[in-house]
Structure formats: structure tokens, C-alpha cells
1. Order of Trp171, Trp103 from fewest to most other C-beta atoms within 10 Å?
2. Quick check: net charge around Leu125, other residues with Cβ under 14 Å of its Cβ, Lys/Arg +1 and Asp/Glu -1?
3. In nm, to one decimal, how far is the Arg159 label point from the Tyr45 one, both placed 7 Å along Cα→Cβ?
4. Normalising by the residue count of the chain, find the relative contact order in percent from Cα pairs under 8 Å and 6+ residues apart.
5. When we measure straight from the Cα of Lys90, which lysines land under 16 angstrom away, once same-chain ones fewer than 8 places off are left out?
6. Can you pull the Kirkwood radius for the chain, inverse mean 1/r over Cα pairs, to one decimal in Å?
7. Please state the shape class of segment 66-169: rounded when a/c is under 1.5, otherwise prolate if a/b exceeds b/c and oblate if not, all from the C-alpha gyration tensor.
8. For Leu17, Leu114, Leu32, what ranking results if the residue with the fewest other Cβ atoms within 10 Å of its Cβ goes first?
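Read-outs throughout are calculated quantities, based only on the coordinates presented, and are distinct from any laboratory measurement. Keep in mind it's a predicted model, so treat the numbers as computed, not measured. Reconstructed Cβ throughout: ideal geometry from the backbone, glycine too, with neighbour counts over all protein chains shown.
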Amino acid sequence: MAVNSNGKRIRLRLKRLSDAKEDYSWQVDPELSELDAAESLHMPYEQYVSEYNFELCYPTHNRFEFAIDTLQGEHIGNCVYYNVNNNEGKAEMGIMIGNRRYWDQGYGIEAITLLLDHIFQKTRLERIYLTTLDWNLRAQKCFHKCGFKDCGTLSREKRHFILMVIHHEDWLKLHAAANTSASL
């Protein structure tokens, strides 16, 4: 699925092999791994690149990954929608701004907004959900600003998560409100 969505400061694009270096550094970083509720990656870089290249060549039908670049071309993070279930009209979403220089400046909000725009304009999905660690208030604030609402909690492997969701109809209302305020 092609995407080349530009925002005010970033663009989403399809992943490419040259992204592997940054992606590897982010996945071996303990702090970033903890924010993603994952273990740090413990794999040699050469093996990582081999598996990375395989996934690029043979993507799955229910996972769509994108790089987040500044408009100047710097790769600063990734976003994804996955577990796509077309029968139920839903998918899960994730994001990581791996480059810390871009934290707390609204880049995550812009990336999520671009990804939701892509999903709700180019697919028939009606509901996008995500989980975030219950202590990650920064992420929760970002998701709320993008229109996600809390809809439950869950626990996995001694971690506690907030379940959040946005429906296509709510996204349409947000866009209508944004267009109205932009035209004033």
C-alpha cells in the first residue's frame, strides 16, 4: 500500500532498507524498548538486517509500516497499523519517535494524524485501537489530542495498559471541526 503523506514538518513514507540502521539502534535501546513494553533487542546487526530485508521483500497482508521523516529527509521514527481485520473493520496502531531530539514537540501528534488520515481515507477500516502503558502519560496525552478515547484496561506479563480507540465517525467530526476553525 503506497503512502507519501506530507504534514507541516514531517512525511510518512514506506520503509526501506536504509532505515535499518536507525531502527536497530532504537530497538536495542533499553529506554525505548521499555516505552514500547518490549525487551531490548539482543540480535547481531547482520542478522537484523537480513530479517529486515526479508520483511521488506515479503510484507504481510495485515501489517503496514511507515517511516516518519522530517521534510528535510531525516528519519526520526516509525508508525504502523497491524492486526488488520477487514471483516471487523479494525486494526491496531503503534508509533515510536526514536530520535529523542524530536520528543515533546508535537511530532508524534502530526505522525498519528497523518497515519489516521491515510487509514480512514484509503481503507474501509472503521476503528483503530492501541494500547499504551498505564504510566506513559506523555503518550496518552498525545493520543487524546489525536482523538483517541480510553475504552478499557488490560494486563499482560505484569504490565498494565490503557486501551484506546478512535472510530471513523469521530475522526470525521474532528476533521469537520478543524476545517471549520481553519476557514474562520
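1. Trp103, Trp171
2. -1
3. 2.6
4. 17
5. Qualifying lysines at Cα under 16 Å: Lys122, Lys149.
6. 17.3
7. Oblate is the answer for segment 66-169, as a/c is 1.5 or above yet b/c matches or exceeds a/b.
8. Fewest to most other Cβ atoms nearby, the residues stand as Leu17, Leu32, Leu114.
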